[in-house]
Amino acid sequence: MAKKHGGIKPVVDNRKARFNYHIKETFECGLVLAGTEVKSLRMGRGNLQDAYATVKDGEVWVQNFHISPYDKANRFNHDPLRPKKLLLHRREIDRLQGFQREKGYALIPLKIFFRDGLAKMDLAVGVGKKLYDKREDIAERDARRNIEQVIKSKIHT
């Protein structure tokens, strides 16, 4: 299961994921990266917008995860959109494969961060939200924002 990593700031964050999906479960997994990919990620030059994960042949791969080429690299630079392998325990991979087989579930990368010098990814199992769910979230967020503004104005007067 995923461990909480409070205080560790994400290098790359998929901000739209929680808006577009109901998150059911999260997993923390390692990433297999090339050297120039790590350097580029440390500079915050990654994009998770259209990324998704799949389970193929007992391995988990993340697709469409764009890592910009490293500026100071030469001809040995990496391909920005190459599939990247995720490192998980066997029982976690089996669990993800079960979710992938079910209709409506998607494997979505939430964020990339570094722990003890190693690149890690939070991978979530989610169900796509309908339009009315998204409208509810927006209304809730606006109501919360209005309440905070009223409280703040009462404190300052």
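The values are calculated or read from the model by the stated rules, or taken from the named source; none is laboratory data. The structure presented is a predicted model; accordingly, all values stated were derived computationally and were not measured. FYI the Cβ positions are ideal-geometry reconstructions off the backbone, even for glycines, and counts take in every protein chain you see.
Just checking, does the stretch 47-58 include any residue being modelled with pLDDT under 85 and touching a strand residue (DSSP E or B) at 6+ places or on another chain (Cβ under 6 Å)?
The initial filter retains those residues of the stretch 47-58 that are modelled with pLDDT under 85, namely none.
No - not one qualifying residue is present in the stretch 47-58.
Output the number of residues of the stretch 69-111 satisfying the condition of being in a loop (DSSP other than H, G, I, E, B) and more than 13 Å from CYS29 (Cβ to Cβ).
Filtering the stretch 69-111 down to residues in a loop (DSSP other than H, G, I, E, B) leaves 69-83, 88-89, 102-104.
With more than 13 Å from CYS29 (Cβ to Cβ) added as a condition, the list becomes 69-83, 102-104.
Total satisfying the criteria: 18.
If we scan the stretch 118-138, do we find a residue that is more than 21 Å from the chain's Cα centre (by Cα) and among the charged types (D, E, K, R)?
yes
Return the residues of the stretch 37-53 that are more than 14 Å from the chain's Cα centre (by Cα) and surrounded by 15 or more Cβ atoms within 10 Å (Cβ to Cβ); say none if nothing qualifies.
The answer is GLU37, VAL38, LYS39, SER40, ARG45.
Could you tell me how many of the residues in the stretch 39-68 are more than 17 Å from LEU107 (Cβ to Cβ), in contact (Cβ under 8 Å) with a residue 40 or more places away in the chain and outside any strand (DSSP E or B)?
2
Between TYR132, TYR105, which is among the hydroxyl-bearing types (Ser, Thr, Tyr) and without any contact (Cβ under 8 Å) to a residue 12 or more places away in the chain?
Unique residue meeting the criteria: TYR132.
Name the residues in the stretch 121-135 that are loosely packed, with under 12 Cβ neighbours inside 10 Å and not hydroxyl-bearing (Ser, Thr, Tyr), would you?
Narrowing the stretch 121-135 to residues loosely packed, with under 12 Cβ neighbours inside 10 Å: 130-132, 135.
Scanning the stretch 121-135 gives LYS130, LEU131, ARG135.
Is it fair to say ARG135 is at pLDDT 90 or above and part of a helix (DSSP H, G or I)? If you could, list the steps in order and put the result at the bottom.
Values: at pLDDT 90 or above: yes; part of a helix (DSSP H, G or I): yes.
Against the criterion (at pLDDT 90 or above and part of a helix (DSSP H, G or I)), ARG135 qualifies.
Among (1) surrounded by 12 or more Cβ atoms within 10 Å (Cβ to Cβ); (2) at positive phi, where does ASP57 come up short?
Here ASP57 clears every test but (1).
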